[in-house]
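A.B. asks: Handing you this structure, nothing more for now.
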Amino acid sequence: MLVTCRQMQEMEEGAFAQGVQASDLMEVAGIGIAQVIRHFFLTPGTLILYLGSGNNAGDALVAGRELQKQGWTLLARLSGEPGNMKALPLKHWNELKGMERLHHPPLLNLQAPVVLLDGLLGIGSQGPLRPSLSALAQEMNQLRISHRAVTVAMDIPSGLDGDTGQPHPDCVVADITATVAACKKGLVADAATHHVGRLALVPLPQLAPFMPKEAIQENLLTPEFLRPHLPRRNFDFHKGQAGRVGILAGSRGYYGAAELACRAALRAGAGLVTLIVKEDAYDILACRVPPEVMVKSVQDYREVLNMRFDAIGIGPGLGFTDEAEYIEMIRQTSVRCVVDADALTALARQEHETLDDCVASHLFTPHPGEMARLLPNCANFTRREQAASWTTDHLGHTLLLKGARTVIATHGLDTLYNTTGHPGMAIGGMGDVLTGVSAALIGQGIRTHFAAGLAAWLCGRAAEIHARAQAAESTLPTDVIRHLGQAWAEL
């Protein structure tokens, strides 16, 4: 669930009224933040704590203590004198040994990875940053560039409005935001994405009983949220139960899209994958796809209506020559489809009623450009508003709006926000992989809304795993496919 900053404060007040100690919450939060950092950095490096005077500084100091045990070198930059800190963070400051306080920005060579931990402000702050805090925030943002440091914000980046997501001047630009107990509403706002970066959720079990009933019915995609939606395979499971997936993709000059979608469907657990192509693409694609994929040529895409599938992925590299055939297939099939790429563009040119005539409920996976064609009169809408508007107009269908913060919406269900991935995924072919993964998960019987969430999370996490050993900028769609198994193992 998403909460406002005030709701989060009320959760804490409710816990304190029941005897929960602030020191206990700080301990759990700090340990959780340290775990987030270890999750992304497998080897110790240099951790620079940026500390204000409030309890956020205490969380940072607990995290620093835990990482110091793992071999991290600790440095600290303070917005004032330690004596100005609140009692709890001051206690942790006095107890933490072996940490050097810096009075000037770090200019020397630092052991990589260099992580900047933003402990300047928490959710209780409002308005622009004070000069002393603004200077440190600017310093952090500069170190991201000069030292290729990675900034981790705790709860919210300092200088960001936790309710609206609007950044104040000199707001910290975080690569990772470890939000505590519950995601704050503003963190998923479009305006916040650049400053929030990758979202991670740090549980606070002590606050769970005090989640407000009126909490916003939206969720972050995390392993804990997704795990219950994964089917468990019985020991006597067979390939027919793993899903028969059809892929309608590829045309002359666009063969790679079909290959990527098929490979992704296999890696996502599909039992049987069949690529459906026109005759002019058959010879080349039959030689390119993996040996596990069956390739079938058709004269007319509507022939698929007489084939047996549990899910169909349609659109990557398909072209527009035969769009009337595959649009009719989308409308008439009783099989759930993942509609992407060229199929989305073709649909956008049709009458509004086309989707309302569909026999089955489908998953539509547009990128922002395709979304603009599907909703031409909503250019000023936020991504969340676009998703809500489209799914209200097309009841029963699911929308996965791709982007740095992928949004998944189905009318009547909680809106989902993906947390995984990195900017290295901004390359052609990633959508083809998502189509294959989504179709495979739907084919295994997972409800479309949650299959879309799983697919987005898995693809993003696979890209992150690749980036552990390679520069994120080098990530290819084939790298994502190769690491899907490792991502799956984390669920």
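A.B. asks: Trypsin sites (Lys or Arg not before Pro) within segment 223-258: which are DSSP loop residues with at most 16 other Cβ atoms inside 10 Å? Intermediate results must be reported in sequence, preceding the final value.
C.D. replies: Details: sites: Arg232, Arg233, Lys239, Arg244, Arg252; in loops: Arg232, Arg233, Arg252.
Sites meeting the loop and neighbour criteria: Arg232, Arg233, Arg252.
A.B. asks: Something else about it: Taking the Cα centre of the chain as origin, work out the dipole magnitude from +1 charges on Lys and Arg Cβ and -1 charges on Asp and Glu Cβ, in debye rounded to 20.
C.D. replies: 1160 debye
A.B. asks: If you take every DSSP beta bridge whose two residues both sit in the chain, what share of them, in percent to the nearest 5, is antiparallel?
C.D. replies: Given both bridge residues lie in the chain, the antiparallel proportion sits at roughly 15 percent.
A.B. asks: Here's something else I'd like to know. For segment 2-216, just list the percent of Cα-Cα distances falling in each 5 Å bin from zero outward, please.
C.D. replies: 1, 8, 16, 21, 22, 17, 10, 4, 1, 0, 0
A.B. asks: Going by a ≥ b ≥ c, the root eigenvalues of the Cα gyration tensor, does segment 419-458 fall in the rounded group (a/c under 1.5), the prolate group (a/b larger than b/c) or the oblate group?
C.D. replies: Details: a/c = 3.79, a/b = 1.76, b/c = 2.15.
Because a/c hits 1.5 or more and a/b fails to exceed b/c, segment 419-458 counts as oblate.
A.B. asks: Which whole-Hz couplings ³J(HN,Hα) result when phi for each residue of segment 20-25 is put into the Karplus expression 6.51 cos²θ - 1.76 cosθ + 1.60, θ = phi - 60°, listed in order with x for Gly and Pro?
C.D. replies: 5, 8, 4, 5, 5, 4
A.B. asks: Now a separate question. For segment 27-110, report the translational diffusion coefficient in µm²/s to the nearest whole number, using Stokes-Einstein at 4 °C, 1.567 mPa s, and a Kirkwood Rh over Cα pairs.
C.D. replies: Working: Rh = 12.9 Å.
The Stokes-Einstein estimate is 100 µm²/s.
A.B. asks: Among residues other than Leu220 whose Cβ falls under 14 Å from its Cβ, what is the net charge (Lys/Arg +1, Asp/Glu -1)? Walk me through the intermediate numbers first.
C.D. replies: On the way: positive: Lys184, Lys185, Arg198, Arg227, Arg384, Arg405, Arg461; negative: Asp155, Glu218, Glu224, Asp414.
In short, +3.
A.B. asks: Given q = 0.09, 0.11, 0.13 Å⁻¹, what are the Debye log10 I(q)/I(0) values for the chain, with equal point scatterers placed on the Cα positions and solvent ignored?
C.D. replies: Listed by q, the Debye log ratios stand at -0.65, -0.90, -1.14.
A.B. asks: Which of rounded, prolate or oblate describes segment 325-454 when judged by the alpha-carbon gyration tensor and an a/c cut-off of 1.5?
C.D. replies: Numbers: a/c = 1.34, a/b = 1.14, b/c = 1.18.
Rounded, since a/c falls under 1.5.
A.B. asks: Now for a different question. Counting only other residues whose beta carbon sits under 15 Å from that of Ser361, what net charge do I get with K and R as +1, D and E as -1? Write down the numbers at each step before the final one.
C.D. replies: Working: positive: Arg331, Arg336, Arg447; negative: Asp310, Asp356, Asp357, Asp393.
Residues close to Ser361 contribute a combined charge of -1.
A.B. asks: Specify which residue in the list Gly14, Gln166, Pro44 is farthest towards the positive end of the charge dipole of segment 2-216, using unit charges on the beta carbon of Lys, Arg (+1) and Asp, Glu (-1), about the Cα centre.
C.D. replies: It is Pro44, whose Cα lies furthest towards the positive end.
A.B. asks: Angle, helix 5-17 long axis vs. longest principal axis of the chain, Cα atoms, 0 to 90°, nearest 10?
C.D. replies: So the inclination is approximately 60 degrees.
A.B. asks: Placing one identical point scatterer on every Cα of segment 116-212 and ignoring solvent, what is log10 I(q)/I(0) from the Debye formula at q = 0.10, 0.16 Å⁻¹?
C.D. replies: -0.24, -0.60
A.B. asks: Mind running the shape call on segment 228-489? Use the C-alpha gyration tensor, a ≥ b ≥ c as the square roots of the eigenvalues: rounded below 1.5 for a/c, prolate if a/b tops b/c, oblate otherwise. Let's see the in-between values first.
C.D. replies: Working: a/c = 1.27, a/b = 1.02, b/c = 1.25.
Rounded, because the longest to shortest axis ratio a/c is under 1.5.
None of the figures in this text is laboratory data; all of them are computed from the coordinates on show. The model shown is predicted, which means the values in this text are computed figures rather than measured ones. Cβ atoms come from the backbone with ideal geometry, glycine included; neighbour counts cover every protein chain shown.
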